[in-house]
Each structure stands twice: as structure tokens, then as C-alpha cells.
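Okay, so here's the structure we're looking at.
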Amino acid sequence: MRKFIYILLFLMFGASSATNAQSFREMFLNTPDSVMPLLTRLDRYDFIEYMKAGMKAKVTNRLDGESVLKVLSDNYIFLQTTPSSSMQMKMLPLGNDSIMCVVSSVRAEAEDSRIAFFNREWKRIATDRMFKAPTIKEFFIPSDTIGRYVDKCDIYLVSLRLNADENVLEAEYTMPGYMNKEDADAVKPLLRKLIYRWNGKGFVIE
């Protein structure tokens, strides 16, 4: 039965998506393995159907673990791929078209994220065209005394969060999660979250 559904999905979305503009959910269904290696196309279809039915959207992934779709809207998804990793996807307007922004995150003592952009055919767009990653120093609230604390922050760990309702990206420096308590307590009050807003061409800092 699942095999039949898979074939039906291919006929519905696979053959037509190459020539027709894909909706957000169609793009999610068509996500390539290189972007979402833990989940099959049928897994993603099940997520959507579970959401429609008001059920918990969880599947067994390719590592025999549990993946859970926590948020699904017309242009945003938040997916807990494993207990220590997650993926966010958001469709953003670009001229007369749209592109997909994908944020993949992993968490141990602290979260670290990577961001990527793709066109509707899932061809990668150079990240630096859409988002300029902040330096560590930019996360510090400007003051005359931050120099010695910046020097303690020598590892680039940044958590990125897409806003489900607005075309906004939030960046947070997370290395203090790996510091000893004394250093972390000294550094955390000096840090700020950075907010980026999509201007139709890329994310710009507010």
C-alpha cells in the first residue's frame, strides 16, 4: 500500500514539479537526500497527512530513530530530526520568484547552525549572496571593556532561528555553553542576539 502511495505521489508531484512552480509543501516533498538525508519522500508525505489529521507528526527515520514535524505552515517548517538535531525551512520572496532557506542545527552543550539557500529546483545559491555571517565581536554589546572577554570567545558557534510568522532570522552566539561557569557568567550579560530581516534580496541586520 505504501509503495502504491509513493508511486501516486511521484505522479502528482515529481513529474510536474520540474516544469511548474512548486508550492512550499511540494518543495518540502521534493527535498533531495543531500539536504534531508534522514527522511524519505514518503516520510515527508506522512508528516503532512498527520498534521492535516491533527495527529502527532512523527516517523521512524533512516537511522531507526524518531523524527517529529513540530510546525508546518504555508511557508515554514520546523522539524526535530533527532533529539540533538533540527531543521528549519522557510520560503522567501525573491523578485517575482521564491527561494528556500534551510537552517540545520545540532546541539550538544550548545547549539550550532548552518544556513543554506536553494532555488525552486533545489539548486544551491551562494550563501554569501543572501546572508553575511556575523563576526564574534558583533554579538557583544559595545563597551570599552569587552576586549578581554572577546578574547575568551575563540570558537565560532552560532544558533540561527527563522521566524515562523515574519521573514526574520535571529542569530545567537552560543560558545558560553562550553565555558566554565565563571567565564560563562561573565560573558553572557555582554552578549546580544542579532536580528536580520529579509529585504527581498537577502537578510540584512537591523
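Given the conditions (1) touching a Lys or Arg at 6+ places or on another chain (Cβ under 8 Å); (2) modelled with pLDDT of 95 or more, and given that Thr82 satisfies all but one, which numbered condition is not satisfied?
Of the numbered conditions (1) touching a Lys or Arg at 6+ places or on another chain (Cβ under 8 Å); (2) modelled with pLDDT of 95 or more, the odd one out for Thr82 is (1).
Consider Ser98 carefully, then state whether it is in a strand (DSSP E or B), under 15 Å from Asn119 (Cα atoms) and small (Gly, Ala, Ser). It would help to see each step written out before you state the result.
On the way: in a strand (DSSP E or B): yes; under 15 Å from Asn119 (Cα atoms): yes; small (Gly, Ala, Ser): yes.
For Ser98, the condition - in a strand (DSSP E or B), under 15 Å from Asn119 (Cα atoms) and small (Gly, Ala, Ser) - is met.
For Arg120, are the conditions met, namely being out of contact with any His (no Cβ under 7 Å at 6 or more places or on another chain), open to solvent by 80 Å² or more (accessible area, probe 1.4 Å) and under 28 Å from Thr31 (Cβ atoms)?
Working: out of contact with any His (no Cβ under 7 Å at 6 or more places or on another chain): yes; open to solvent by 80 Å² or more (accessible area, probe 1.4 Å): no; under 28 Å from Thr31 (Cβ atoms): yes.
So Arg120 does not fit the description; no.
For the stretch 131-146, check the following and say yes or no: at least one residue is open to solvent by less than 40 Å² (accessible area, probe 1.4 Å), over 22 Å from Met27 (Cβ atoms), touching a residue at least 60 places away in the same chain (Cβ under 8 Å) and of a type outside the set (Val, Ile, Thr). Break it down stepwise before answering.
Narrowing the stretch 131-146 to residues open to solvent by less than 40 Å² (accessible area, probe 1.4 Å): 131, 134, 136, 139-140, 146.
So of that shortlist, the ones also over 22 Å from Met27 (Cβ atoms) come out as 134, 136, 139-140, 146.
The next check asks that each one be touching a residue at least 60 places away in the same chain (Cβ under 8 Å); those that pass are 134.
Subsequent filtering for residues that are of a type outside the set (Val, Ile, Thr) retains 134.
Yes, some residue in the stretch 131-146 is open to solvent by less than 40 Å² (accessible area, probe 1.4 Å), over 22 Å from Met27 (Cβ atoms), touching a residue at least 60 places away in the same chain (Cβ under 8 Å) and of a type outside the set (Val, Ile, Thr).
Do we have any residue at all in the stretch 177-197 that's out of contact with any Phe, Trp or Tyr (no Cβ under 9 Å at 6 or more places or on another chain) and open to solvent by less than 20 Å² (accessible area, probe 1.4 Å)?
Keep residues of the stretch 177-197 that are out of contact with any Phe, Trp or Tyr (no Cβ under 9 Å at 6 or more places or on another chain), which gives 177-182, 185, 188-189, 195.
Right, trim to open to solvent by less than 20 Å² (accessible area, probe 1.4 Å) and you get none.
No, the conditions are met nowhere in the stretch 177-197.
Restricting to the stretch 154-176, give me the number of residues that are open to solvent by less than 30 Å² (accessible area, probe 1.4 Å), out of contact with any strand residue (DSSP E or B) (no Cβ under 7 Å at 6 or more places or on another chain) and not aliphatic (A, V, I, L, M).
Selection size over the stretch 154-176: 1.
Applying the selection to the stretch 65-95, what residues are closer than 22 Å to Arg120 by Cα and open to solvent by 30 Å² or more (accessible area, probe 1.4 Å)?
Val71, Leu72, Ser73, Asp74, Asn75, Pro93, Leu94, Gly95
Looking only at the stretch 38-59, which residues are within 16 Å of Ser84 (Cα to Cα) and open to solvent by 80 Å² or more (accessible area, probe 1.4 Å)?
Lys58, the sole residue that qualifies.
Does Arg62 count as surrounded by fewer than 16 Cβ atoms within 10 Å (Cβ to Cβ) and touching a Leu at 6+ places or on another chain (Cβ under 7 Å)?
On the way: surrounded by fewer than 16 Cβ atoms within 10 Å (Cβ to Cβ): yes; touching a Leu at 6+ places or on another chain (Cβ under 7 Å): yes.
So Arg62 fits the description; yes.
Return the pairs, sorted by first residue and then second, in which the second residue is modelled with pLDDT under 85 and surrounded by 15 or more Cβ atoms within 10 Å (Cβ to Cβ), the first residue lies in the stretch 147-159 and is farther than 13 Å from Ala186 by Cα, the beta carbons are less than 7 Å apart, and the residues are 6+ apart or on different chains.
Here the result reads none, with nothing in the stretch 147-159 linked to a residue that is modelled with pLDDT under 85 and surrounded by 15 or more Cβ atoms within 10 Å (Cβ to Cβ).
Residues being charged (D, E, K, R) and within 13 Å of the chain's Cα centre (by Cα): count how many of those fall in the stretch 71-113.
Going through the stretch 71-113 one residue at a time, the tally reaches 3.
If I ask for residues that are over 19 Å from Ala133 (Cβ atoms) and modelled with pLDDT of 95 or more, which ones from the stretch 179-206 would you list? Reasoning before the result, please.
Kept after step one, since they are over 19 Å from Ala133 (Cβ atoms), are these residues of the stretch 179-206: 179-190, 200.
Passing the criteria: only Gly200.
The values are calculated or read from the model by the stated rules, or taken from the named source; none is laboratory data. All of these numbers come straight from a predicted model, not from anything done at the bench. Here Cβ is always computed from backbone atoms with ideal geometry, including for glycine, and neighbour counts include all displayed protein chains. Heavy atoms of the whole protein, side chains included, go into the accessibility calculation; ligands, DNA and RNA do not. Shrake-Rupley method; radii C 1.70, N 1.55, O 1.52, S 1.80 Å.
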